[in-house]
Amino acid sequence: MVSLHPPLSGLPLAATLAIAVCECLAIFPRYRSALRSYRSVLVTAVVVAALLSFLSGYQASSELGTLTPEVEKLLGSHHALGRFYLISALALAIFHIVGDKARHGKTILSILYYCMVGAVIFLTVRAGGLGGQLVFEHGVGVRTSDLNGGSR
């Protein structure tokens, strides 16, 4: 079966980078109103990217054979960070939606929203780094037939 995780694993990084750029540009008053509609699209993109990457990661790891204890530990950490990323993305969306609809307490919701943006950025970088380490240092998900041009 074809693993969808390699192409889908880049989506969280792209969506997270886009929302980080959007929030940095929102500091400037002339961009703030224009970015309000983009923020909703980007928050939705972060949630969809998190969900697709998370589900495809479990599909990809189900096809792995036996792993060394060190690799299993790294893979467990990668999965845990993926779960935290998904939960943080959902919390980001909730704080965004509630913050837009709220009449009171907008400051608290705004602080919570920006904390979730920071958490999503951190978790994207950390989980992506572990995923890269699993592939490039330990060869997880790399078949020898792929490396030898299909000869094995």
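The values are calculated or read from the model by the stated rules, or taken from the named source; none is laboratory data. Computed from a prediction, not measured in an experiment: that's the story for all the values here. Neighbour counts run over all protein chains shown; Cβ positions are idealised from the backbone, glycine included.
The table below gives the values:
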{"read-out": "First in region 108-125 and assigned to a helix (DSSP H, G or I), second anywhere and among the acidic types (Asp, Glu) and surrounded by 14 or more Cβ atoms within 10 Å (Cβ to Cβ), Cβ under 7 Å, 6 or more apart", "value": "117/23"}
{"read-out": "Region 39-54, residues that are surrounded by fewer than 17 Cβ atoms within 10 Å (Cβ to Cβ) and hydroxyl-bearing (Ser, Thr, Tyr)", "value": "40, 44"}
{"read-out": "Count of region 1-16 residues which are within 17 Å of residue 46 (Cβ to Cβ) and in contact (Cβ under 8 Å) with a residue 40 or more places away in the chain", "value": "6"}
{"read-out": "Residues that are surrounded by 11 or more Cβ atoms within 10 Å (Cβ to Cβ) and at pLDDT below 90, drawn from region 100-109", "value": "100, 102, 105, 106"}
{"read-out": "Filter pass, residue 97 being modelled with pLDDT of 95 or more, out of contact with any strand residue (DSSP E or B) (no Cβ under 9 Å at 6 or more places or on another chain) and closer than 22 Å to residue 54 by Cβ", "value": "no"}
{"read-out": "Residues that are among the charged types (D, E, K, R) and without any contact (Cβ under 8 Å) to a residue 24 or more places away in the chain, drawn from region 26-68", "value": "30, 32, 36"}
{"read-out": "Within region 1-92, helices (runs of 4 or more DSSP H) holding 1 or more residues that are modelled with pLDDT of 85 or more and of a type in the set (S, T, N, Q)", "value": "10-25, 29-61"}
{"read-out": "Subset of region 5-26 [surrounded by 17 or more Cβ atoms within 10 Å (Cβ to Cβ) and over 16 Å from the mean Cα position of the chain (by Cα)]", "value": "22, 23"}
{"read-out": "In region 126-146, residue farthest from residue 15 (Cα to Cα) [restricted to those that are part of a helix (DSSP H, G or I) and of a type in the set (D, E, K, R)]", "value": "146"}
